[in-house]
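The values are calculated or read from the model by the stated rules, or taken from the named source; none is laboratory data. Source: prediction; values computed, not measured. Neighbour counts run over all protein chains shown; Cβ positions are idealised from the backbone, glycine included.
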There are 2 protein chains.
Amino acid sequence: MKNELDALMQANNVDALLIMGAAAHNPAMVYFTGVVHVSAGDLIVKRGGEPVLFCNPMEREEAARTGLATRSYNEFPFMELLKETSGDRLQAAALRYQRMFTSLGITSGRVALYGTLEVGIPFMVINALQQLMPGLTFVGYAQDPILMQAMQTKDEAEVARIRRMGKVTTGVVGRVADYLTSNRTKDGVLVHSDGQPITIGDVKSRIDLWLAEAGAENPEGCIFAIGRDAGVPHSSGTLTDPLRLGQTIVFDIYPCEAGGGYFYDFTRTWCLGYAPDEAQKLYDQVLSVYNTLKDEFAAGRVLADYQKRTCELFEAMGHPTIQTNPATEEGYVHSLSHGVGLRVHEKPFSGTGVADRLLPGSIFTSEPGLYYPSRGMGVRIEDTYYVRPDGSFEILADYPKDLVLPVRQ
Amino acid sequence: MKNELDALMQANNVDALLIMGAAAHNPAMVYFTGVVHVSAGDLIVKRGGEPVLFCNPMEREEAARTGLATRSYNEFPFMELLKETSGDRLQAAALRYQRMFTSLGITSGRVALYGTLEVGIPFMVINALQQLMPGLTFVGYAQDPILMQAMQTKDEAEVARIRRMGKVTTGVVGRVADYLTSNRTKDGVLVHSDGQPITIGDVKSRIDLWLAEAGAENPEGCIFAIGRDAGVPHSSGTLTDPLRLGQTIVFDIYPCEAGGGYFYDFTRTWCLGYAPDEAQKLYDQVLSVYNTLKDEFAAGRVLADYQKRTCELFEAMGHPTIQTNPATEEGYVHSLSHGVGLRVHEKPFSGTGVADRLLPGSIFTSEPGLYYPSRGMGVRIEDTYYVRPDGSFEILADYPKDLVLPVRQ
């Protein structure tokens, strides 16, 4: 949680965080600012100090809404900096950072870099700043032990927002189910009232609409994939595909609050009208693994242990898994879980060798699945869980787990 | 345009582009890939060669939809790279890039960096790669003379997409106008049928909904600001504000195709019911400048000249401008224009000293405005223009310019 930041900075020998970019669709920035209309900012978080947000004077009033201390780039007029650097804009930008850091008393130590933005300029500017300020060392992390670590556990306000996004998500899933079951079928496919096939594109455009209606956003799209596509875990589905009865549909939806706030992550697998025996059998196996894991989740445990456990359970059923064959594209082929927050994928991670634990405040997915593209089918079931302060587990949004959606004849 | 890329790379002594990140909400990547479900990729564009997209094998089918040559990260198994680097993930990532570049025959020369992503990892990885491959020099640009330069002029397919987004945008603006004029007023504010005030939040949620209905996205939100907020150019408006008659409303809307495709940019200023004399006078002045510029735009001219011209026109009317007082927050306080494409702000730019020209294929805004927060008002009029191949100018989406929206009594 945010209150761990100073300790995490200290433990990692980091004196300040520099978070660059907009205050929207930028998890590290939004963690401090919320979603506001600041299109370009620099947030400097000094260990033991209050965060300071530098921004364009045109966006000063929006910046003030964050409740953070704000300062204007105009304190260091860019035209003057450009004169000092004979017109070199990258050097001028580096000089501005130097003055910003110096004005905050940060002239030595380690600075960790954050922010989602176009990478070319910061790559050059930070390397130039490094030359200007040899007392500072700029670092970035492959597995961030500071901000991502703090974000790994959520406080009450964050949980409430993710829970609300869970309600939004399952509400939209329910509307999709209602839509599918309210239409007629013809020649084994779902059709509009004019007899034309309903396509995955038709469904997806309604999903976007219903999410917007609920005040949510769908920045990464969603997966609505049928048949063979359902057997390829990250196929998002083919827009022109009709919805054929008796084929598995993997519906994986991961929207966020408008502007790039908190996400939710959720998957159901459906068959319209009926499920062939083979699909039903795969589904029952995935559901059985899902339920076993649900009973076995325990606070304090390493999440990767459950990935191992999932592989063992599926292997005992005779399925290949990436544990025995990392290159397999059939059977169980992905990770069980990841954290959910301002990123749809964040700590804790469940990959082999990762030491992330389920802690009070953790919000994570459980998403076992089986994939057989060669047989034209795939199954995944996913819910987002919260580890309560007392160590008990809560699914943040309930939704039925029926494989078959009945359709009108 | 894209067909200029090789020449631009040669002119800038660049041998390859490295574009990192997802194939959505990432302008440099989407320019080549379109919006597809590839959450992490590396596109290498070798001068004189075909672009090659490296991606996760799980996303291979989505990657193939781009029509680009694709290759899998699995050619360089990360677990083996990790062994070689004794578990150092940043070094392992650098090693993978080294092998990717080497496999494409790129071992010396200059590589320009692109892509929107979290900056900490690429900062470290590219610096490590620089050590591994001293023959390569990695560069980023403050004012990109290659990709941004190519993107500055649009081909027919791009123009068609932006024109379509123009229709979507003005369609939604029309629905907002219809909504405002169809509601009753009470005590000088617009009210719902239950007598409760209609707020800016109510309007904004409808804008998001109607954009989604049209298949568009609103990743940066929009400006719908009334009264004093309208006088602060980048105030996006206060969600709880009621819509009071006789106050200026600045409505600036800049949506994009779903997933982070092409944008449109558009502004109108409205007064509900009536316009006070002072607001009408400001409006007439802005419209007069807008119309003067419209007549004076000519292919081949430097866009910054029109910024200068705008300042002169407003100064002749007695308004302060940033030309005479760069710090002014009243009068004309921003730039006239910017290009529009996969970014809402891109080349050509109109800032003082910028040499960008209006060229056949340029798509740019004209957005003069006057701001008086102290008087509780602001005015801006903005359309997006296209310079046709024959050098004539086209407004990509027509929409009326009435200041006053009549309301029901």
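Do we have B:Q280 as more than 30 Å from B:G261 (Cβ to Cβ) and either in contact with a strand residue (DSSP E or B) (Cβ under 9 Å, 6 or more places away or on another chain) or surrounded by 16 or more Cβ atoms within 10 Å (Cβ to Cβ) (or both) here? Write out each step before concluding.
Values: more than 30 Å from B:G261 (Cβ to Cβ): yes; either in contact with a strand residue (DSSP E or B) (Cβ under 9 Å, 6 or more places away or on another chain) or surrounded by 16 or more Cβ atoms within 10 Å (Cβ to Cβ) (or both): yes.
Here the answer is yes, as B:Q280 does meet what is asked.
I'd like the full set of residues that are hydrophobic (A, V, I, L, M, F, W, C) and either farther than 21 Å from B:D144 by Cβ or part of a loop (DSSP other than H, G, I, E, B) (or both), limited to the range A:121-145.
At the first step, the residues of the range A:121-145 found to be hydrophobic (A, V, I, L, M, F, W, C) are A:121, A:123-126, A:128-129, A:132-133, A:136, A:138-139, A:142.
Answer for the range A:121-145, where residues must be hydrophobic (A, V, I, L, M, F, W, C) and either farther than 21 Å from B:D144 by Cβ or part of a loop (DSSP other than H, G, I, E, B) (or both): A:L132, A:M133, A:L136, A:F138, A:V139, A:A142.
So which of B:T292, B:T269 is away from chain A (no Cβ under 14 Å), outside any loop (DSSP other than H, G, I, E, B) and within 22 Å of B:V407 (Cα to Cα)?
Numbers: B:T292 fails: within 22 Å of B:V407 (Cα to Cα).
The unique qualifying residue is B:T269.
Quick check on B:A258: is it surrounded by 15 or more Cβ atoms within 10 Å (Cβ to Cβ), in contact with a Gly (Cβ under 8 Å, 6 or more places away or on another chain) and modelled with pLDDT under 95? Before the answer, list the steps.
Working: surrounded by 15 or more Cβ atoms within 10 Å (Cβ to Cβ): yes; in contact with a Gly (Cβ under 8 Å, 6 or more places away or on another chain): yes; modelled with pLDDT under 95: yes.
Spelling it out, B:A258 is indeed surrounded by 15 or more Cβ atoms within 10 Å (Cβ to Cβ), in contact with a Gly (Cβ under 8 Å, 6 or more places away or on another chain) and modelled with pLDDT under 95.
Within the range B:11-35, which residues are β-branched (V, I, T) and within 12 Å of chain A (Cβ to nearest Cβ)? Show your work before the answer.
The first filter runs over the range B:11-35 and keeps only residues β-branched (V, I, T), leaving B:14, B:19, B:30, B:33, B:35.
Of everything in the range B:11-35, those that are β-branched (V, I, T) and within 12 Å of chain A (Cβ to nearest Cβ) turn out to be B:V14, B:I19, B:V35.
Among the residues of the range A:80-98, write down those that are touching a helix residue (DSSP H, G or I) at 6+ places or on another chain (Cβ under 8 Å) and either of a type outside the set (A, V, I, L, M) or not assigned by TED's automatic domain parsing to the domain that holds A:Q10 (or both).
Within the range A:80-98, A:E84, A:T85, A:D88, A:R89, A:Q91, A:R96, A:Y97, A:Q98 qualify.
Would you point out the residue of the range B:361-394, among those that are among the charged types (D, E, K, R) and touching a residue at least 60 places away in the same chain (Cβ under 8 Å), that is nearest to B:P276 (Cα to Cα)?
Let us first name the residues in the range B:361-394 that are among the charged types (D, E, K, R), namely B:367, B:375, B:380, B:382-383, B:388, B:390, B:394.
Next, only the ones that are touching a residue at least 60 places away in the same chain (Cβ under 8 Å) stay: B:367, B:375, B:380, B:382-383.
On the way: B:E367: 22, B:R375: 12, B:R380: 16, B:E382: 22, B:D383: 24 Å.
Looking at the filtered set, the residue picked out is B:R375.
Determine whether B:G195 is among the small types (G, A, S), assigned by TED's automatic domain parsing to the domain that holds B:A299 and surrounded by fewer than 16 Cβ atoms within 10 Å (Cβ to Cβ).
Details: among the small types (G, A, S): yes; assigned by TED's automatic domain parsing to the domain that holds B:A299: yes; surrounded by fewer than 16 Cβ atoms within 10 Å (Cβ to Cβ): yes.
Taking the combined requirement at face value, the residue satisfies it.
Out of (1) closer than 25 Å to A:P373 by Cα; (2) more than 14 Å from chain B (Cβ to nearest Cβ), the odd one out for A:V302 is which?
Unmet for A:V302, out of (1) closer than 25 Å to A:P373 by Cα; (2) more than 14 Å from chain B (Cβ to nearest Cβ): (1).
Of all the residues that make up the range B:136-186, how many are aromatic (F, W, Y) and not assigned by TED's automatic domain parsing to the domain that holds B:V125? Can you show your working first?
Within the range B:136-186, the subset aromatic (F, W, Y) is B:138, B:141, B:179.
Retained after the next criterion (residues that are not assigned by TED's automatic domain parsing to the domain that holds B:V125): B:179.
Adding up the residues that qualify gives 1.
Can you tell which of B:V125, B:V119, B:V111, B:V139 is surrounded by fewer than 19 Cβ atoms within 10 Å (Cβ to Cβ), at pLDDT 95 or above and on the phi < 0 side of the Ramachandran plot?
Details: B:V125 fails: surrounded by fewer than 19 Cβ atoms within 10 Å (Cβ to Cβ); B:V119 fails: surrounded by fewer than 19 Cβ atoms within 10 Å (Cβ to Cβ); B:V111 fails: surrounded by fewer than 19 Cβ atoms within 10 Å (Cβ to Cβ).
Result of the check over B:V125, B:V119, B:V111, B:V139: B:V139.
Is there a residue being within 26 Å of B:T199 (Cα to Cα) and in contact with a helix residue (DSSP H, G or I) (Cβ under 6 Å, 6 or more places away or on another chain) anywhere in the range B:148-156?
To start, the set of residues in the range B:148-156 that are within 26 Å of B:T199 (Cα to Cα) comprises none.
Within the range B:148-156 (the criterion being within 26 Å of B:T199 (Cα to Cα) and in contact with a helix residue (DSSP H, G or I) (Cβ under 6 Å, 6 or more places away or on another chain)), the answer is no, since none of the residues qualifies.
Got a number for residues in the range A:218-246 being touching a Leu at 6+ places or on another chain (Cβ under 8 Å) and crowded, with 24+ Cβ neighbours inside 10 Å? Quick ask: steps written out before the conclusion?
Initial filter on the range A:218-246 (touching a Leu at 6+ places or on another chain (Cβ under 8 Å)): A:218, A:226, A:242-246.
With the extra rule that they be crowded, with 24+ Cβ neighbours inside 10 Å, the set shrinks to A:226, A:243.
Result for the range A:218-246: 2.
Can you name the condition, by its number, that A:W210 falls short on among (1) modelled with pLDDT of 95 or more; (2) assigned by TED's automatic domain parsing to the domain that holds A:R343?
(1)
Scan the range A:175-189 and give yes if some residue there is over 17 Å from A:V344 (Cβ atoms), in contact with a strand residue (DSSP E or B) (Cβ under 7 Å, 6 or more places away or on another chain), within 14 Å of another protein chain (Cβ to nearest Cβ) and not in a strand (DSSP E or B), otherwise no.
No, there is no match, as no residue in the range A:175-189 is over 17 Å from A:V344 (Cβ atoms), in contact with a strand residue (DSSP E or B) (Cβ under 7 Å, 6 or more places away or on another chain), within 14 Å of another protein chain (Cβ to nearest Cβ) and not in a strand (DSSP E or B).
Does A:T310 satisfy being among the polar types (S, T, N, Q), assigned to a strand (DSSP E or B) and surrounded by 20 or more Cβ atoms within 10 Å (Cβ to Cβ)? Lay out the reasoning, then the answer.
Numbers: among the polar types (S, T, N, Q): yes; assigned to a strand (DSSP E or B): no; surrounded by 20 or more Cβ atoms within 10 Å (Cβ to Cβ): yes.
For A:T310, the condition - among the polar types (S, T, N, Q), assigned to a strand (DSSP E or B) and surrounded by 20 or more Cβ atoms within 10 Å (Cβ to Cβ) - is not met.
If we only count strands (runs of 3 or more DSSP E) wholly inside the range B:364-409, which ones have 2 or more residues that are touching a helix residue (DSSP H, G or I) at 6+ places or on another chain (Cβ under 7 Å)? Write out each step before concluding.
On the way: elements: B:369-372, B:377-380, B:383-387, B:393-395.
Those strands (runs of 3 or more DSSP E) span B:369-372, B:377-380, B:383-387.
Could you tell me which of the residues A:R65, A:R60, A:R47 is over 30 Å from A:N218 (Cβ atoms) and modelled with pLDDT under 95? I'd like the intermediate steps shown before the answer.
Numbers: A:R65 fails: over 30 Å from A:N218 (Cβ atoms); A:R47 fails: modelled with pLDDT under 95.
Only one candidate qualifies: A:R60.
Name every residue in the range A:230-259 that is within 25 Å of B:A216 (Cβ to Cβ) and free of Cβ contacts under 8 Å to residues at least 60 places away in the same chain, in order of residue number.
A:H234, A:S235, A:S236, A:G237, A:T238, A:L239, A:T240, A:D241
Can you run down the residue pairs with Cβ atoms below 6 Å, 6 or more apart or on separate chains, where the first is in the range A:100-122 and within 7 Å of another protein chain (Cβ to nearest Cβ) and the partner is among the acidic types (D, E) and surrounded by 22 or more Cβ atoms within 10 Å (Cβ to Cβ)?
Every condition considered, the pairs that remain are A:T116/B:E118.
How many residues are of a type in the set (S, T, N, Q) and within 7 Å of chain B (Cβ to nearest Cβ) when one looks only at the range A:128-159?
Initially, the range A:128-159 is screened for residues of a type in the set (S, T, N, Q), giving A:130-131, A:137, A:143, A:149, A:152-153.
The next check asks that each one be within 7 Å of chain B (Cβ to nearest Cβ); those that pass are A:143.
Result for the range A:128-159: 1.
Can you tell me which residue is surrounded by the fewest Cβ atoms within 10 Å (Cβ to Cβ) among those in the range A:325-356 that are closer than 17 Å to A:Y31 by Cβ and β-branched (V, I, T)?
Here the residue is A:V344.
Can you name every residue in the range B:84-95 that is away from chain A (no Cβ under 12 Å) and either out of contact with any Leu (no Cβ under 8 Å at 6 or more places or on another chain) or surrounded by 17 or more Cβ atoms within 10 Å (Cβ to Cβ) (or both)?
Just the residues of the range B:84-95 that are away from chain A (no Cβ under 12 Å), to begin with: B:84, B:86, B:95.
Selection gives B:S86, B:L95.
Which count do you get for residues in the range A:100-120 that are outside any helix (DSSP H, G or I) and within 31 Å of the chain's Cα centre (by Cα)? Break it down into steps so the answer makes sense when it comes.
Restricting attention to the range A:100-120, the residues satisfying the condition of being outside any helix (DSSP H, G or I) are A:104-119.
Within this subset, residues satisfying the condition of being within 31 Å of the chain's Cα centre (by Cα) are A:110-119.
Looking only at that region, the number is 10.
Taking only the range B:36-68 into account, find how many residues are without any contact (Cβ under 8 Å) to a residue 40 or more places away in the chain, surrounded by 15 or more Cβ atoms within 10 Å (Cβ to Cβ) and away from chain A (no Cβ under 14 Å).
The qualifying residues number 3.
Kindly evaluate B:G318 against the criterion of being assigned by TED's automatic domain parsing to the domain that holds B:R268, surrounded by fewer than 18 Cβ atoms within 10 Å (Cβ to Cβ) and modelled with pLDDT under 95. If you could, list the steps in order and put the result at the bottom.
Values: assigned by TED's automatic domain parsing to the domain that holds B:R268: yes; surrounded by fewer than 18 Cβ atoms within 10 Å (Cβ to Cβ): yes; modelled with pLDDT under 95: no.
The answer is no for B:G318.
Conditions (1) part of a loop (DSSP other than H, G, I, E, B); (2) among the aromatic types (F, W, Y); (3) more than 12 Å from every other protein chain (Cβ to nearest Cβ), marked per residue:
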| position | (1), (2), (3) |
| --- | --- |
| A:R206 | no, no, no |
| A:L211 | no, no, no |
| A:A225 | no, no, no |
| A:D229 | no, no, no |
| A:S236 | yes, no, no |
| A:G246 | yes, no, yes |
